[in-house]
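One structure is given here, and the rest of the page talks about it.
Read-outs throughout are calculated quantities, based only on the coordinates presented, and are distinct from any laboratory measurement. These figures come from a predicted structure and were not determined experimentally. For neighbour counting, all protein chains shown are included, and Cβ atoms are generated from backbone atoms with ideal geometry for every residue, glycine included.
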Amino acid sequence: MQQHILIAGAGKGIGLELVKQMLLTENNIILAVSRDISQLRVMAAKVNTDSGTVRLIPIASDLAKPDFTKVLEEALAEFNFKPEIVVYNVGLLVNKPFAALSNSDFDQMFDANVKGAFRLFQFLLPHLAEGTHLLGISSMGAFQGSAKFPGLSLYSASKAALAVLMECLAEELKDRGIRANALALGAVQTEMLAKAFPGYKAPLSADEMAAFIADFAVNGSRFFNGKIIPVSVSTP
């Protein structure tokens, strides 16, 4: 069954692997949003040529910028795109001791990790149909009662804000049949993790986690709404 899927934060890591997973289902159409779409462009050229139709639409957009709505509005209209699954996978991690964090660090992480989601979901409201699943990708560091780590105070706080936003959207949009959930991910081997924690080896690869997220994005809203679900091999 064909679905229209919008993935924000799709340019690399888990987001890029999630695009690949969603394309495994025949006829799915993916609108992939990222500031850097270089890898997405290469993928789209091959996928769209092989299928003989447009299945992957890379959109270069920074959700923190005021004009992000223009390029998305144009894409939705051009491709008659009606989002049925929206995954907010944008993430920015700055690993610094609390005393060393700046106002700029705060603004950058909260803009990327939660304000972008607020702006995207609010913009999409008129375009969402009954049955749409909104999914926020949060972190185990944001999960209440989980182990916390030095240097991640603002990252964890911003991802916690995203998770609670998804809870609230589930309540506000339930009368429209729209469901919203958050997945609190444990450590995954990505470029972002390697940069923040050099030498650390995560228990899961980006493609493994993306396979789980893809399945949950498609099927999870049948079983969950307004939930923050830990996805980790360790206990909180």
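When the chain is treated as a GNM, springs tying every alpha-carbon pair under 10 Å, which of ASP105, ASP62, ASP50 comes out with the largest mean-square fluctuation?
It is ASP50.
In the chain, which whole DSSP H runs stretch at least 18 Å along their own axis (Cα) and average -1.0 or higher on the Kyte-Doolittle scale?
38-51, 153-172, 206-219
Which of the aspartates and glutamates could a cross-linker span from LYS12 if the Cα-Cα distance has to be under 13 Å and same-chain partners fewer than 8 positions apart are dropped?
Straight-line reach from LYS12, under 13 Å: ASP36, GLU191, ASP207.
In a GNM of the chain with a 10 Å cut-off on Cα contacts, which of ASN103, ASN113, ASN219 has the highest mean-square fluctuation?
ASN103
Using the Cα centre as the reference, give the magnitude of the dipole from point charges on the C-beta atoms of the chain (Lys, Arg: +1; Asp, Glu: -1; all else neutral), rounded to the nearest 20 debye.
Dipole of the chain, to the nearest 20 debye: 380 debye.
For VAL42, VAL33, VAL54, what ranking results if the residue with the fewest other Cβ atoms within 10 Å of its Cβ goes first?
Ascending number of Cβ neighbours within 10 Å: VAL42, VAL54, VAL33.
Strictly over 22 Å apart at the Cα level, which of LYS70/LYS227; LYS159/LYS227; LYS115/LYS159 would you flag in this model?
LYS70/LYS227
Computed FRET efficiency, Cβ-Cβ of ASP50 and GLU78, R0 30 Å: what is it to the nearest 0.05?
The value I calculate is 0.90.
Mind giving me the nanometre distance, one decimal, between the label points for PHE106 and ARG35, set 7 Å out from Cα along Cα→Cβ?
2.0
Taking the Cα centre of the stretch 34-127 as origin, sum charge times position over the Cβ atoms of Lys and Arg (+1) and Asp and Glu (-1), and report the length of that vector in debye to the nearest 20.
Here the stretch 34-127 has a charge dipole of around 140 debye.
For VAL94, VAL233, what's the fewest-to-most ordering of other Cβ within 10 Å of each Cβ?
VAL233, VAL94
Which residue, chosen from ASN48, SER34, SER158, occupies the Cα position most advanced towards the positive end of the dipole of the stretch 4-231, where the dipole is computed from +1 (Lys, Arg) and -1 (Asp, Glu) charges on Cβ about the Cα centre?
Ranked along the dipole, the leading option is SER158.
Using the Kirkwood radius built from alpha carbon pairs, what does the Stokes-Einstein equation give as D for the stretch 1-87 at 10 °C and 1.306 mPa s, in µm² per second?
In µm²/s, the coefficient rounds to 124.
Any chance you could tell me what percent of the C-alpha pair distances in the chain go past 34 Å?
10
Listing ARG35, ARG179, ARG119 from the residue with the fewest other Cβ atoms within 10 Å to the one with the most, what is the order?
ARG35, ARG119, ARG179
Between LYS70, LYS96, LYS148, where does the largest GNM mean-square fluctuation fall for the chain, given springs only between Cα atoms within less than 10 Å?
LYS70
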